[in-house]
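Below is one structure; the comments refer to it alone.
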Amino acid sequence: MELIKENKEKKRAVYKLADRYRKVWYVNPDSAPFAETLAEHLELLDQFVPGYVLDYGYTTESIYVDYKMIPGTLASKFPHTEDFIKKIYNFCLDNINKTSPYAHGDWVLSNMLIDGDNITLIDWDNLGIYDAKDVLEKLNTDLRSSFGPKFDEVIQGKDNDSTSI
């Protein structure tokens with residue numbers, strides 16, 4: 001098991017196994033509310049990303065979820081061209097429309113994999129029901145943080161804070 005990413009503050013880590021990724025939360029499995037919401041979270045993932053979750057379980061000190069390996073390159077590795085920014089923005093809006101009233105909630109480029117013309121969202125930890133206005137504000141905040149001022153320059157013809165979803 002190879003450690004890929006660790007967040008000590010949030011007490012979680014991601015490991016690469018031979019055929020999957022494993023996300024581990026180092027928390028007491030009986031602690032609320034996470035233990036109570038895991039089943040609901042997994043059901044939603046199966047609805048929005050069928051086959052993404054391969055397995056899950058508990059130890060005395062942690063909860064883990066195994067995820068399918070998705071082909072592609074992190075979107076953060078691509079040049080921030082005007083076409084690329086538009087492609088990412090439109091992909092996110094389409095995804096928001098498909099999952100509404102639920103939303104992914106974390107649209108940073110490191111949560112998107114690109115494989116040819118396909119874009120896939122990963123890291124669905126923030127999946128939940130959100131107000132449409134809040135979803136758009138968070139989307140725009142995340143993409144501004146990823147692309148910098150170029151995001152507003154490229155999307156200037158669109159009203160970023162009131163685009164309908």
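Being assigned to a strand (DSSP E or B) and either open to solvent by less than 30 Å² (accessible area, probe 1.4 Å) or of a type in the set (Gly, Ala, Ser) (or both) is the requirement here; does LEU113 meet it?
Working: assigned to a strand (DSSP E or B): yes; either open to solvent by less than 30 Å² (accessible area, probe 1.4 Å) or of a type in the set (Gly, Ala, Ser) (or both): yes.
Yes; evaluated as a whole, the condition is true for this residue.
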What is the number of the single condition among (1) loosely packed, with under 14 Cβ neighbours inside 10 Å; (2) touching a Ser or Thr at 6+ places or on another chain (Cβ under 6 Å) that GLU9 does not meet?
(2)
Looking at (1) within 17 Å of the chain's Cα centre (by Cα); (2) closer than 17 Å to SER110 by Cβ, which one does PRO79 not meet, given that it meets all the others?
(1)
Pull out all pairs, ordered by first then second residue, where Cβ-Cβ is under 6 Å, the residues are six or more apart or on different chains, the first lies in the range 146-165 and is modelled with pLDDT of 55 or more and open to solvent by less than 80 Å² (accessible area, probe 1.4 Å), and the second is assigned to a loop (DSSP other than H, G, I, E, B) and among the β-branched types (Val, Ile, Thr).
SER146/VAL108
When the range 52-68 is checked residue by residue, the ones that are among the hydroxyl-bearing types (Ser, Thr, Tyr) and closer than 12 Å to TYR26 by Cα are TYR58, THR59, THR60, SER62, TYR64
State whether one or more residues within the range 129-140 are under 15 Å from the mean Cα position of the chain (by Cα) and not in a helix (DSSP H, G or I).
yes
Is it the case that ASP131 is of a type in the set (Asp, Glu), over 26 Å from TYR52 (Cα atoms) and open to solvent by 30 Å² or more (accessible area, probe 1.4 Å)?
no
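For the subset of the range 38-67 comprising residues that are open to solvent by 30 Å² or more (accessible area, probe 1.4 Å) and polar (S, T, N, Q), which member is modelled with the highest pLDDT? Lay out the reasoning, then the answer.
We begin by selecting, within the range 38-67, every residue open to solvent by 30 Å² or more (accessible area, probe 1.4 Å); these are 39-41, 43, 46-48, 50-51, 53-56, 58-61, 64.
With polar (S, T, N, Q) added as a condition, the list becomes 47, 59-60.
Working: GLN47: 94, THR59: 86, THR60: 85.
Here the answer is GLN47.
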Name the pairs: first residue in the range 51-70 and in contact (Cβ under 8 Å) with a residue 40 or more places away in the chain, second residue part of a strand (DSSP E or B) and surrounded by fewer than 11 Cβ atoms within 10 Å (Cβ to Cβ), Cβ to Cβ under 7 Å, at least 6 apart or on different chains?
ASP66/ASP55
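The values are calculated or read from the model by the stated rules, or taken from the named source; none is laboratory data. These numbers were taken from a predicted model, which means no experiment stands behind them. Note that we place each Cβ from the backbone using ideal geometry, even for glycine, and neighbour counts take in every protein chain shown. Just the protein is used for accessible areas: all its heavy atoms, side chains included, with ligands, DNA and RNA removed. Shrake-Rupley method; radii C 1.70, N 1.55, O 1.52, S 1.80 Å.
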